[in-house]
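Below: one structure, written as structure tokens.
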Amino acid sequence: LGYMGIDDYKQMSPGTPTRMSQRSFKGEASEPSPGGAGAARMDMSLPSVWRQKSVDVLNRAAIQRKSLAEHRAAYWKYNEEVRRAQYSMQIQVNDALIKKKSTLELLIDKLNSAANAAQPVVKLLQEYKARLESELSEKVTYLDRNQERSAIRDQRGPSELVADEPQRQLVAQETLLKDAIVQQEKNLKEITETLVQLEMTQQELEADMHDKKEAWDLNNQAEQQCVQPTLKLPNLPSKRIDLTQANAVKLDKDVDATYEKVQQDALLSPNVWHSSTMKNIDKSKRIQTRAMGLCDGCELITRKLSEAILQAHHWVAQSLEERLKEQKKMVEELNEQFKLTLEEIHEAETTVTMLKQSLEDLMEPLKVSEKRLEIHSKRPERELIEDDVQIHLKAELSELRAQKALLEQRKLKVENMLEDMCCTRNEISSDVRDKTQAIEIDTRVLEMGSFPERD
């Protein structure tokens, strides 16, 4: 009876009177019987009394069932709303996990690509750094060798210690080497700084990639632990819950919901948690681009400096070779002149000896002529006349004296010439000695060399 309504009860008791006490059914008090209190006690034993009480019980049960149905319907409605909210949250969580997973995978790929792209650049910078250090050491060695060559050439004799073409080329080469060393040190400093920055960025990328992989693993674990979004409602009769066709269609759509694939632009939209990653990637790309440009610039500058230094070396070698040829030619000419000067000195000495001998030979006739003239001048006064003998004696004496003066003059002139030729001989000998020493020095400097040939 607890689950039957009034209409069901009426259908189950067709023999009962149809006109029951409406007042009792409606909850109104029935009219008192004419018999008083005793009559009322007698009515309790009548069939209508216990039926009336049953009807009251049935009414109360119907009211309770109605209230219970209302509460149950409200509960199921609230439960449906809660389940739909939970379903929506699960959809959002799964969607966020899938989007986060895709974003992490994309970021890991980008980090891996950036790290892999940076490795050849790091290796290239390391090779350039080692190459620049080697070339800088070579240029310092070349500068020391060039200064040593200049110091060796400063040991030339006084007559050869002039600013000739090889000396000017050595000075120009030394200036060029100093400028090249300064430029090389500047390039090495820039390469080192760029390499340090790129290695630091590489470490940041690797650390970030490690963190992203760890986050990806944790995201997968969270995704595996997440409940599959479903919306299951209790299977109740339609009369117990208002599940219309529209709600059923909506429920089917909710259950069959699918995820749309997120584009990369949406995945990499500005976000706080991965903006630093994108900044590191962009920083790595900028440093790589700057490093490649720096390497190209250093390569161009190094090549130009090497060509200029090599050209200067060729100019020094060429000027030294020309100087050696010139000096050897001069030494040959000086040796030839030295031989001629020695011959002329010998002839001059022979001439001086001959003139001395001639003077010595002339002194006896001169004394005889003077003696004869003196004796002839002692004649008696009567005979002391200017006769032919006197005239010839005087002429002879004058001639002898003139020859003596001429020989003395010639002898003095030859002696002066001999003295000049001796000085010339000494100068030529000294010049030959200096040039021979200069030839030896320049040959030594030329054989020292300075720079290796480069492709």
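Of the residues making up the range 139-154, just one is touching a residue at least 60 places away in the same chain (Cβ under 8 Å) and closer than 18 Å to N187 by Cα, namely K139. Can you confirm whether N116 is within 29 Å of N280 (Cα to Cα) and polar (S, T, N, Q)? Against the criterion (within 29 Å of N280 (Cα to Cα) and polar (S, T, N, Q)), N116 qualifies.
For the range 138-159, the criterion of being under 31 Å from the mean Cα position of the chain (by Cα), among the small types (G, A, S), open to solvent by 20 Å² or more (accessible area, probe 1.4 Å) and at pLDDT 85 or above is satisfied by no residue at all. Taken together, N146, N94 contain a single residue that is part of a helix (DSSP H, G or I) and under 30 Å from D434 (Cβ atoms), which is N146.
One residue stands out among those in the range 170-196 that are of a type in the set (S, T, N, Q) and surrounded by fewer than 20 Cβ atoms within 10 Å (Cβ to Cβ): the one that is nearest to H314 (Cα to Cα), which is T175. The criterion of being touching a Cys at 6+ places or on another chain (Cβ under 6 Å) and either at pLDDT below 85 or part of a helix (DSSP H, G or I) (or both) does not hold for Y78.
For V432, the conditions (1) under 30 Å from L143 (Cβ atoms); (2) β-branched (V, I, T); (3) open to solvent by less than 30 Å² (accessible area, probe 1.4 Å) all hold with the exception of (1).
Filtering the range 379-402 to residues that are open to solvent by less than 80 Å² (accessible area, probe 1.4 Å) and more than 27 Å from M363 (Cβ to Cβ) leaves only D387. If you go through the range 155-178 and keep only what is hydroxyl-bearing (S, T, Y) and either touching a residue at least 24 places away in the same chain (Cβ under 8 Å) or not in a helix (DSSP H, G or I) (or both), you end up with just S159. Taking the conditions (1) in a helix (DSSP H, G or I); (2) in contact (Cβ under 8 Å) with a residue 60 or more places away in the chain in turn, I181 satisfies each one other than (2).
The values are calculated or read from the model by the stated rules, or taken from the named source; none is laboratory data. Nothing here was measured: the structure is a model prediction, and the numbers come from that model. Backbone-built Cβ (ideal geometry, glycine too); neighbour counts: all protein chains shown. We work out accessible area using only protein heavy atoms, side chains counted, and drop any ligands, DNA or RNA first. Shrake-Rupley method; radii C 1.70, N 1.55, O 1.52, S 1.80 Å.
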